[in-house]
1. Using a 1.4 Å probe, what is the accessible area per residue for the chain, in Å²?
2. Can you list the HN-Hα couplings for the range 108-123, worked out from phi with the Karplus curve (6.51, -1.76, 1.60; θ = phi - 60°), rounded to whole Hz and with x for Gly and Pro?
3. Amide H of residue 47: which non-local residues (sequence gap of 5 or more, or other chain) have their own amide H closer than 5 Å, using H built in the peptide plane?
4. Within the range 71-145, what whole-number % of the accessible surface is contributed by carbon and sulfur, with the 1.4 Å probe and all protein chains included in the calculation?
5. Just to be sure I understand the model, the point goes 7 Å from the Cα along the line to the Cβ. What's the resulting residue 27 to residue 105 distance in nm?
6. What do you get for Rg/Rh of the chain when both radii come from the Cα atoms and Rh is the Kirkwood radius?
7. Which GluC sites (Glu not before Pro) in the range 69-145 pass both tests, a DSSP loop state and at most 15 other beta-carbon atoms within 10 Å?
8. Convex hull volume of the Cα atoms in the range 5-57, per residue, in Å³?
Amino acid sequence: MPLTSDEDIRALLDEVRTIAMIGASDRPDRPSYRVMEYLQSRGYRVIPVNPQITGEHVHGEFVFRELSQIGEPIDMVDIFRRPMAAGEAVDEAIAAGAKAVWLQIGVINEEAAARAEAAGLKVVMDRCPAIEIPRLGVSMVGGAH
């Protein structure tokens, strides 16, 4: 079962430091652009992943084509993909050794969530960390660097 209790989600957000964002965008009108900026402002390291803008920079971070290229530990993978494409992103997160996957609001894929959980990853689904952090009073600014 994906994490649903406030306590479990708060604990996850407290322990996470490095987030890979699949579907990160360089367009200010996109939710992923704003969420990445917010997470950085809260002290998280956010590594953007998007094959369409590989090699560019978003909010000062190099954009990777896929998770396997990152080459450093990833605590959580934040997935901004359509539900049908989320399964592939979850499989990449498992292969990359991530500790958790976070499927954004509207990204509901029960099969992918079950695969992640079977592989030992924590799962949050159909929520947004930029909403949950202030709602739960998570205060990490300065703790990640």
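1. Working: 6950 Å² over 145 residues.
On a per-residue basis, the chain sits at 48 Å².
2. 10, 9, 4, 5, 5, 4, 5, 5, 4, 5, 4, 8, x, 8, 7, 10
3. Amide H neighbours of residue 47: 19, 20, 21.
4. Working: 1940 of 3520 Å².
Its accessible area is 55 percent carbon and sulfur atoms.
5. Here the answer is 1.9 nm between the modelled labels.
6. Details: Rg = 13.6 Å, Rh = 14.8 Å.
That ratio equals 0.92.
7. Working: sites: 88, 92, 110, 111, 117, 132; in loops: none.
Hits after loop and neighbour filter: nothing returned.
8. Working: hull volume 4.7 nm³, N = 53.
Roughly 89 Å³ of hull volume per residue.
The values are calculated or read from the model by the stated rules, or taken from the named source; none is laboratory data. Worth saying up front: this structure is predicted, and the values here are computed from it rather than measured. Here the Cβ is made from the backbone with ideal geometry for all residues, glycine too, and neighbour counts use every protein chain on show. All accessible areas refer to the heavy atoms of the entire protein, side chains included, with ligands and DNA or RNA removed. Shrake-Rupley method; radii C 1.70, N 1.55, O 1.52, S 1.80 Å.
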